[in-house]
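Below is one structure, written out as structure tokens; the observations come after it.
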Amino acid sequence: MNMTAAPALLDPLMSDPKVTAIMSDHGLVARMLAFETALARAEAKVRIIPSDAVSAIAEAAAKGIDMAKLAAASAVAGNPA
């Protein structure tokens, strides 16, 4: 078995600053929060959640996440989502 170090699978993609920003911790979490906001809007539209919940979810998402707390919780849960 060859144990020599090889480039990481996605390393070639990270040479593009746009991809690096998208794939950064902050970029990934920002997209998770955008998804949750869009999901809330869709759920409110079909009356799964109250429509007034959308603004609370959107406001919470706009505040962002404490990345240090998320990292600590991810270590315990095994998943940042």
I need the peptides 51-62, 9-20 ranked by packing, meaning the mean over residues of other C-beta atoms within 10 angstrom, with the highest value on top. 51-62, 9-20
Once Ile22 and Asp52 are pulled to full extension, the length gained, defined as 0.36 nm per residue separation minus their Cα-Cα distance, is 7.8 nm
If one puts a single equal scatterer on every Cα of the chain and applies the Debye formula without solvent, what log₁₀ I(q)/I(0) results at q = 0.12, 0.17, 0.20, 0.22 Å⁻¹? -0.53, -0.86, -0.99, -1.05
Work out, step by step, the length gained on full extension between Ala42 and Ala75: first 0.36 nm times the residue separation, then minus their alpha carbon distance; give nm to one decimal. 8.8 nm
Probe radius 1.4 Å, ligands and nucleic acids ignored: give me the carbon and sulfur share of the accessible area of the chain as a rounded percent. 65
List the residues whose amide H sits under 5 Å from the amide H of Ile49, counting only those 5 or more places along or on another chain, with H placed 1.01 Å from N in the peptide plane. Ala44
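The values are calculated or read from the model by the stated rules, or taken from the named source; none is laboratory data. Not measured: the values here are computed from a predicted model. As a convention, Cβ positions derive from the backbone with ideal geometry for all residues, glycine included, and neighbour counts pool all protein chains shown. These accessible areas exclude ligands, DNA and RNA; they are computed on the full protein's heavy atoms, side chains included. Shrake-Rupley method; radii C 1.70, N 1.55, O 1.52, S 1.80 Å.
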